[in-house]
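Each value in this text was obtained by applying a stated rule to the coordinates, not by laboratory testing. Note that this is a predicted model, so its numbers are computed, not measured. When we count neighbours, we look across all protein chains shown, and the Cβ atoms used for this are built from the backbone with ideal geometry, even at glycine.
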Amino acid sequence: MSTQEPVSGPLRRLGASLLTLGRIRLELLAIEAQEEKERIAQLLLWAVLAALLAGFAVLMALVLAIVALWDSHPLLALGGACVVLVVAAALALRQLKSLVAQPSTLFQASIAELRDDADALHRQP
């Protein structure tokens, strides 16, 4: 029995260390997920607000141009307004596709820490 006690002590400590390490990594993942959720919510809020305000500004500018040109060139004013809106929509769509194509950075810190842990375990004899 005395030969098992020295072995069981280090195994218990190793198990406890692994559990603690796993818990810490899971807490880091949870924190990162919460931060990313808050960042996305803020981005969405400000993007929607900016888009609404910019849309209203463009519409008002187009209405002003249409009213100013209505007596002399009504079709040109309406056509120009349509072209402006189509070009703006195309630019927004291109930007959206660019953002969707970018890789996510979610959990990058946790992945780096797990790689560091694995490297440290492989270096030890």
Here, Lys97 and Ser8, labelled 7 Å along Cα→Cβ, have an inter-label distance in nm of 6.6
Calc'd 3J(HN,Hα), the range 83-96, phi into Karplus 6.51 cos²θ - 1.76 cosθ + 1.60 (θ = phi - 60°), Hz, glycine/Pro = x, comes to 4, 4, 5, 5, 5, 4, 5, 5, 5, 5, 5, 4, 5, 4
For the chain, with only Lys/Arg (+1) and Asp/Glu (-1) charged at the beta-carbon, what is the dipole magnitude about the Cα centre, in debye rounded to 20? 200
For n ≥ 4 DSSP H runs only, could you compute -39500 (n - 2.57) per run for the chain, divide by its residues and tell me the 222 nm figure to the nearest 500? -32500 deg cm²/dmol
As I understand it, the value is the acute angle between the Cα axis of helix 4-69 and the longest principal axis of the Cα atoms of the chain; what does it come to in degrees, rounded to 10? 0
Full extension from Asp117 to Ala50: what is 0.36 nm times the residue separation minus their Cα-Cα distance, to one decimal in nm? 19.8 nm
Hey, with R₀ at 41 Å, roughly what FRET efficiency would Ala41 and Ala68 work out to, going by the Cβ-Cβ distance, to 0.05? 0.50
What the Cα atoms of the range 15-75 span along the principal axes, largest first and in whole Å, is 84, 15, 6
Among [x] 17.2, 62; [y] 29.4, 105; [z] 14.6, 45, the value of Rg and Dmax of the Cα atoms in Å computed for this structure carries the label [y]
